[in-house]
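What follows is a short report on a single structure.
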Amino acid sequence: MLFTLAWKNIWRNKKRSLIILVAIALGLWAGLFSVAVMIGSWDTTVNSTIERNLSHIQIHTKEFKDENLISNYIPGGNKITGELVKIEGVSSVSARLLIEGMASSPSSSRGVNIVGIDTEAEKSVTTISDDIIEGKYFEGIKRNPILIGKKLADKLGLKLRSKIVLSFQSIDTTLVYAAFRIAGIYKTESSTFDEAHVFVRKSDLYKTMESESIVNEIAIKLQSSEEMDSVYSKIKSSYSSLVVESWKVLAPELAMMYDYIIIELQIFLGIIMVALLFGITNTMLMSVLDRVREFGVLLAVGMKRIRVFLLIMIETVILSLLGGIIGMIFGSLTIWYFSDIGIDLSLFSEGLSQWGMPTTLYPVLPLYFYGILTLMILITAFCAAIYPSIKTMKLRPATAIRTYG
């Protein structure tokens, strides 16, 4: 009976109820979409970083993690690479040779990270081959081709097919100079990465150093990020003598940022609910004041005060949940639409590149956020109903009936 009566009471003043419903729906719609954009920006940044160079899992020696020296290579690195490809859940593997060196042009020089790669294997692990904006991926140059970032090319005053000289320390600690010619210029979402990394073929580095085939880093891409924990545990137990790290360890700032974002967004939604609380309280208080005589009659004929309290509480909860459901439906549809086409932020590409963020953002909202929001709506509704309900319970039937006719 109370639920039926509460539903009828809500629609006795349609204009007032619709106003608060629209206010709740719009507030939650905007709130949900804002939350999805923030989480989507993190998710897009992480995926971009993983696909650019980080990969899901990396393997090094402990000595290489302590000192980034070319001599600290992985024993049997190529054999391990072949074994890793066969592990269930692993999509592709790339064995790399990492060297810290200098890149010089006729006009300037810069410190760079020289990454020696197997071109086909690297193409299946990272997206560097897709980020080429000038030239081609190790094509067009027969001897010692190199890929450099757009930012580095601008700093060194180089262009396609220009000669660049790399200097670095070989395995036997001798200083090596080698001339390369630019086969392609790439541009990723991170200008910092573009300025600091050059890619060459491992075979060219081996010839230059007159050394055997060695590997400093093994990058592993998984079929799905959801399988990371199980695959990571399997690899770590199989190669306990090596340092096996997931992207969360390799880039702890990204994992930490997600935890902070979730806390901040929950606070953000809480602020929206507090703002809505005052609107709901005001609406219910006006509803109570309009029906003082009615409540006086109900109390006079024997209706218990606790039932009057519950009636106001149920009205508030129904009104809040209805507005919340409408807001979540529209919010979900908006998120679904933009998660498919993305939000173009190319206007801010220069600033975003400093943080390694892509210019197209795809909003995403975990399902558990809907549960959190529903709980927040219920708490807000109960809090908003307390004052009007208490005010109704304190009414004196005789006074209420005589005062309001």
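Quick notes on this one:
- Among the candidates S124, S107, S91, the residue that is among the small types (G, A, S), in a strand (DSSP E or B), more than 13 Å from H197 (Cα to Cα) and touching a residue at least 24 places away in the same chain (Cβ under 8 Å) is uniquely S91.
- Some residue of the range 47-57 being among the charged types (D, E, K, R), outside any loop (DSSP other than H, G, I, E, B) and surrounded by 14 or more Cβ atoms within 10 Å (Cβ to Cβ): yes
- For the range 58-104, a tally of residues being of a type outside the set (A, V, I, L, M, F, W, C), under 25 Å from A178 (Cα atoms) and open to solvent by 20 Å² or more (accessible area, probe 1.4 Å) returns 8.
- Residue count for the range 134-154, restricted to those that are open to solvent by less than 20 Å² (accessible area, probe 1.4 Å) and among the small types (G, A, S): 2
- Of the criteria (1) open to solvent by less than 70 Å² (accessible area, probe 1.4 Å); (2) assigned to a helix (DSSP H, G or I); (3) out of contact with any Phe, Trp or Tyr (no Cβ under 7 Å at 6 or more places or on another chain), which one I263 fails: (1)
- Hits in the range 334-351 - residues which are at pLDDT 75 or above and open to solvent by 100 Å² or more (accessible area, probe 1.4 Å): W336, Y337, D340, D344
- Counted residues, the range 158-193 - those being under 12 Å from P145 (Cβ atoms) and aromatic (F, W, Y): 1
- Some residue of the range 342-349 being closer than 26 Å to W29 by Cα, of a type in the set (A, V, I, L, M, F, W, C) and touching a helix residue (DSSP H, G or I) at 6+ places or on another chain (Cβ under 9 Å): yes
- In the set (1) in a helix (DSSP H, G or I); (2) under 30 Å from M328 (Cβ atoms), E63 fails one condition alone, (2).
- Qualifying residues in the range 207-222 (those that are assigned to a loop (DSSP other than H, G, I, E, B) and open to solvent by less than 30 Å² (accessible area, probe 1.4 Å)) - the one modelled with the lowest pLDDT: I214
The values are calculated or read from the model by the stated rules, or taken from the named source; none is laboratory data. Keep in mind that what you see is a predicted model, and the values were worked out from it rather than measured. For neighbour counting, all protein chains shown are included, and Cβ atoms are generated from backbone atoms with ideal geometry for every residue, glycine included. What goes into the accessible areas is simple: the full protein's heavy atoms, side chains included, and nothing from ligands, DNA or RNA. Shrake-Rupley method; radii C 1.70, N 1.55, O 1.52, S 1.80 Å.
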